[in-house]
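*Asks:* Below you'll find the structure I mean.
The values are calculated or read from the model by the stated rules, or taken from the named source; none is laboratory data. Source: prediction; values computed, not measured. Neighbour counts run over all protein chains shown; Cβ positions are idealised from the backbone, glycine included. Note: areas computed on protein heavy atoms with side chains; ligands, DNA, RNA excluded. Shrake-Rupley method; radii C 1.70, N 1.55, O 1.52, S 1.80 Å.
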Amino acid sequence: MRNKLADILSEKGIMDNSVLEAIRAVPRHLFLDSSFEDHAYQDKAFPIGADQTISQPYTVAFQSELLQVQPNHKILEIGTGSGYQTAVLLKLKARVYTIERQLELFKKTNLFFKKMGYRPKKVIFGDGYKGLPEEAPFDSIIVTAGAPFVPNPLLAQLKVGGRLVIPVGTDEQIMTLFVRKSAKEFEKKELGSFRFVPLLEDKN
(Lines give C-alpha, C1' and ligand atoms only; values in the text may rest on other atoms or scores of the structure.)
Protein backbone atom coordinates (compact mmCIF):
# COMPACT_ATOMS: atom_id res chain seq x y z
CA MET A 1 0.00 0.00 0.00
CA ARG A 2 2.89 2.33 0.74
CA ASN A 3 4.40 1.58 -2.66
CA LYS A 4 1.07 2.32 -4.27
CA LEU A 5 0.87 5.63 -2.38
CA ALA A 6 4.38 6.55 -3.54
CA ASP A 7 3.33 5.76 -7.14
CA ILE A 8 0.28 8.04 -6.79
CA LEU A 9 2.49 10.86 -5.48
CA SER A 10 4.94 10.32 -8.32
CA GLU A 11 2.06 10.61 -10.82
CA LYS A 12 1.01 13.85 -9.10
CA GLY A 13 4.43 15.32 -9.78
CA ILE A 14 6.71 14.42 -6.84
CA MET A 15 10.09 13.74 -8.45
CA ASP A 16 12.56 13.52 -5.57
CA ASN A 17 13.37 9.81 -5.23
CA SER A 18 14.60 10.13 -1.66
CA VAL A 19 11.24 11.68 -0.68
CA LEU A 20 9.33 8.87 -2.44
CA GLU A 21 11.55 6.30 -0.68
CA ALA A 22 10.75 7.94 2.67
CA ILE A 23 7.00 7.72 1.87
CA ARG A 24 7.52 4.03 1.07
CA ALA A 25 9.39 3.50 4.34
CA VAL A 26 7.24 5.30 6.93
CA PRO A 27 4.24 3.28 8.23
CA ARG A 28 1.64 6.06 8.04
CA HIS A 29 -1.13 3.86 9.52
CA LEU A 30 0.67 3.91 12.88
CA PHE A 31 0.33 7.69 13.02
CA LEU A 32 -3.48 7.53 12.75
CA ASP A 33 -6.08 6.49 15.27
CA SER A 34 -6.84 2.84 14.57
CA SER A 35 -10.32 3.59 13.24
CA PHE A 36 -8.68 5.23 10.23
CA GLU A 37 -6.20 2.44 9.54
CA ASP A 38 -7.88 1.38 6.29
CA HIS A 39 -7.59 4.92 4.97
CA ALA A 40 -3.95 5.47 5.92
CA TYR A 41 -2.58 5.04 2.41
CA GLN A 42 -5.12 7.15 0.60
CA ASP A 43 -3.85 10.57 -0.41
CA LYS A 44 -6.04 12.36 2.13
CA ALA A 45 -5.76 14.30 5.38
CA PHE A 46 -7.37 12.85 8.54
CA PRO A 47 -8.21 14.12 12.04
CA ILE A 48 -5.75 13.22 14.82
CA GLY A 49 -7.33 14.90 17.86
CA ALA A 50 -6.99 18.38 19.37
CA ASP A 51 -8.73 19.73 16.23
CA GLN A 52 -5.63 18.93 14.19
CA THR A 53 -5.09 16.73 11.16
CA ILE A 54 -2.39 14.48 9.74
CA SER A 55 -1.51 16.17 6.44
CA GLN A 56 -2.32 14.65 3.09
CA PRO A 57 0.68 12.55 1.93
CA TYR A 58 0.99 14.69 -1.20
CA THR A 59 1.38 17.81 0.94
CA VAL A 60 4.01 16.11 3.13
CA ALA A 61 5.92 14.97 0.04
CA PHE A 62 5.54 18.38 -1.67
CA GLN A 63 6.88 20.29 1.34
CA SER A 64 9.67 17.75 1.88
CA GLU A 65 10.75 18.02 -1.76
CA LEU A 66 10.87 21.84 -1.52
CA LEU A 67 13.24 21.59 1.45
CA GLN A 68 15.86 19.79 -0.68
CA VAL A 69 16.93 17.78 2.37
CA GLN A 70 20.50 16.51 2.50
CA PRO A 71 21.76 14.03 5.12
CA ASN A 72 22.63 15.81 8.37
CA HIS A 73 20.67 18.96 7.49
CA LYS A 74 19.46 20.75 10.58
CA ILE A 75 15.72 21.27 10.19
CA LEU A 76 13.20 23.09 12.35
CA GLU A 77 9.62 21.83 12.06
CA ILE A 78 6.78 24.04 13.30
CA GLY A 79 3.80 21.85 14.16
CA THR A 80 4.78 18.28 15.08
CA GLY A 81 1.18 17.07 14.92
CA SER A 82 1.02 13.30 14.51
CA GLY A 83 4.76 13.16 13.80
CA TYR A 84 4.33 11.79 10.28
CA GLN A 85 6.15 14.70 8.60
CA THR A 86 8.86 14.46 11.29
CA ALA A 87 9.33 10.76 10.51
CA VAL A 88 9.65 11.47 6.77
CA LEU A 89 12.36 14.08 7.50
CA LEU A 90 14.18 11.63 9.79
CA LYS A 91 14.09 9.02 6.99
CA LEU A 92 15.78 11.66 4.82
CA LYS A 93 18.54 11.61 7.48
CA ALA A 94 17.88 15.15 8.69
CA ARG A 95 18.49 16.31 12.26
CA VAL A 96 15.01 17.47 13.24
CA TYR A 97 13.96 19.94 15.93
CA THR A 98 10.18 19.96 16.16
CA ILE A 99 7.76 22.24 18.04
CA GLU A 100 4.12 21.50 18.96
CA ARG A 101 1.80 23.93 20.76
CA GLN A 102 -1.02 21.48 21.61
CA LEU A 103 -0.11 19.82 24.90
CA GLU A 104 -2.24 16.73 24.27
CA LEU A 105 -0.59 16.11 20.90
CA PHE A 106 2.88 16.98 22.19
CA LYS A 107 2.63 14.32 24.92
CA LYS A 108 1.08 11.68 22.66
CA THR A 109 3.55 12.15 19.80
CA ASN A 110 6.58 12.36 22.06
CA LEU A 111 5.68 8.98 23.60
CA PHE A 112 5.00 7.55 20.15
CA PHE A 113 8.45 8.64 18.87
CA LYS A 114 10.12 6.90 21.80
CA LYS A 115 8.08 3.72 21.30
CA MET A 116 8.81 3.64 17.57
CA GLY A 117 12.50 4.52 17.87
CA TYR A 118 12.18 7.80 15.97
CA ARG A 119 14.77 10.19 17.36
CA PRO A 120 14.32 13.86 16.59
CA LYS A 121 17.05 16.01 18.15
CA LYS A 122 14.41 17.81 20.22
CA VAL A 123 10.64 17.65 20.62
CA ILE A 124 9.50 20.93 22.15
CA PHE A 125 6.22 22.12 23.60
CA GLY A 126 5.91 25.78 22.66
CA ASP A 127 4.99 28.59 20.29
CA GLY A 128 6.37 27.97 16.82
CA TYR A 129 6.05 31.64 15.83
CA LYS A 130 9.20 32.34 17.82
CA GLY A 131 11.15 29.54 16.20
CA LEU A 132 14.02 28.11 18.23
CA PRO A 133 16.66 30.85 18.48
CA GLU A 134 18.94 28.88 20.81
CA GLU A 135 19.45 26.21 18.10
CA ALA A 136 19.60 28.56 15.08
CA PRO A 137 20.69 28.84 12.35
CA PHE A 138 18.88 26.07 10.44
CA ASP A 139 19.43 24.60 6.97
CA SER A 140 15.68 24.71 6.55
CA ILE A 141 12.43 25.38 8.37
CA ILE A 142 9.09 23.76 7.57
CA VAL A 143 5.75 25.05 8.82
CA THR A 144 2.90 22.53 8.77
CA ALA A 145 0.02 24.87 9.63
CA GLY A 146 -1.50 27.81 7.78
CA ALA A 147 0.14 31.08 8.81
CA PRO A 148 -1.71 34.37 8.27
CA PHE A 149 1.72 36.02 7.84
CA VAL A 150 5.37 34.96 7.73
CA PRO A 151 6.89 35.16 11.23
CA ASN A 152 10.10 37.22 11.03
CA PRO A 153 11.94 35.11 13.64
CA LEU A 154 11.72 32.13 11.27
CA LEU A 155 13.36 34.04 8.42
CA ALA A 156 16.01 35.31 10.83
CA GLN A 157 16.85 31.75 11.95
CA LEU A 158 17.72 30.48 8.45
CA LYS A 159 21.31 30.00 7.32
CA VAL A 160 22.34 31.85 4.18
CA GLY A 161 21.24 29.42 1.47
CA GLY A 162 18.58 28.04 3.85
CA ARG A 163 14.96 27.41 2.88
CA LEU A 164 11.69 28.21 4.65
CA VAL A 165 8.58 26.38 3.40
CA ILE A 166 5.39 27.88 4.80
CA PRO A 167 1.71 27.87 3.80
CA VAL A 168 0.59 31.52 4.01
CA GLY A 169 -3.03 32.68 4.20
CA THR A 170 -6.16 32.42 6.33
CA ASP A 171 -8.92 30.33 4.71
CA GLU A 172 -6.77 28.97 1.95
CA GLN A 173 -2.99 29.02 1.95
CA ILE A 174 -0.40 29.63 -0.73
CA MET A 175 2.58 27.33 -0.32
CA THR A 176 5.49 29.75 -0.14
CA LEU A 177 9.22 29.09 -0.35
CA PHE A 178 11.78 31.60 0.92
CA VAL A 179 15.47 31.07 0.14
CA ARG A 180 17.92 33.18 2.12
CA LYS A 181 20.34 34.75 -0.36
CA SER A 182 22.31 36.91 2.08
CA ALA A 183 21.99 38.45 5.54
CA LYS A 184 19.26 40.81 4.29
CA GLU A 185 18.02 39.28 1.05
CA PHE A 186 15.40 36.56 0.49
CA GLU A 187 14.06 35.04 -2.70
CA LYS A 188 10.35 34.23 -2.54
CA LYS A 189 8.37 31.75 -4.66
CA GLU A 190 4.65 30.99 -4.49
CA LEU A 191 3.70 27.42 -5.36
CA GLY A 192 -0.05 26.95 -5.47
CA SER A 193 -2.86 26.76 -2.95
CA PHE A 194 -3.33 24.27 -0.12
CA ARG A 195 -5.53 23.96 2.95
CA PHE A 196 -4.02 23.65 6.44
CA VAL A 197 -5.29 23.99 9.99
CA PRO A 198 -4.34 27.48 11.27
CA LEU A 199 -1.01 28.25 12.92
CA LEU A 200 -1.97 30.01 16.15
CA GLU A 201 0.21 32.46 18.01
CA ASP A 202 0.51 32.49 21.82
CA LYS A 203 -2.23 29.87 22.18
CA ASN A 204 -0.49 27.40 24.50
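*Asks:* If I filter segment 71-82 for residues that are open to solvent by 20 Å² or more (accessible area, probe 1.4 Å), within 19 Å of I23 (Cβ to Cβ) and at pLDDT 95 or above, do I get at least one hit?
*Replies:* yes
*Asks:* Here's a follow-up. For segment 103-119, what are the residues that are touching a residue at least 40 places away in the same chain (Cβ under 8 Å), among the hydrophobic types (A, V, I, L, M, F, W, C) and open to solvent by 40 Å² or more (accessible area, probe 1.4 Å)?
*Replies:* L103, M116
*Asks:* With F106, F149, F178 as the choices, which residue is among the aromatic types (F, W, Y), in contact with a strand residue (DSSP E or B) (Cβ under 8 Å, 6 or more places away or on another chain), in a strand (DSSP E or B) and over 17 Å from L89 (Cβ atoms)?
*Replies:* F178
*Asks:* Could I ask something else about it? For K122, state whether it is exposed (fewer than 14 other Cβ atoms within 10 Å of the Cβ), without any contact (Cβ under 8 Å) to a residue 40 or more places away in the chain, under 24 Å from L32 (Cα atoms) and under 18 Å from the mean Cα position of the chain (by Cα).
*Replies:* Judged against the criteria, K122 is a match.
Matching residues to (1) among the polar types (S, T, N, Q); (2) assigned to a helix (DSSP H, G or I):
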| residue | (1), (2) |
| --- | --- |
| Q42 | yes, no |
| L66 | no, yes |
| P71 | no, no |
| E77 | no, no |
| S82 | yes, no |
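*Asks:* A further question on this structure: Under the condition of being under 13 Å from F138 (Cα atoms) and open to solvent by less than 20 Å² (accessible area, probe 1.4 Å), which residue from segment 83-96 is farthest from the chain's Cα centre (by Cα)?
*Replies:* A94
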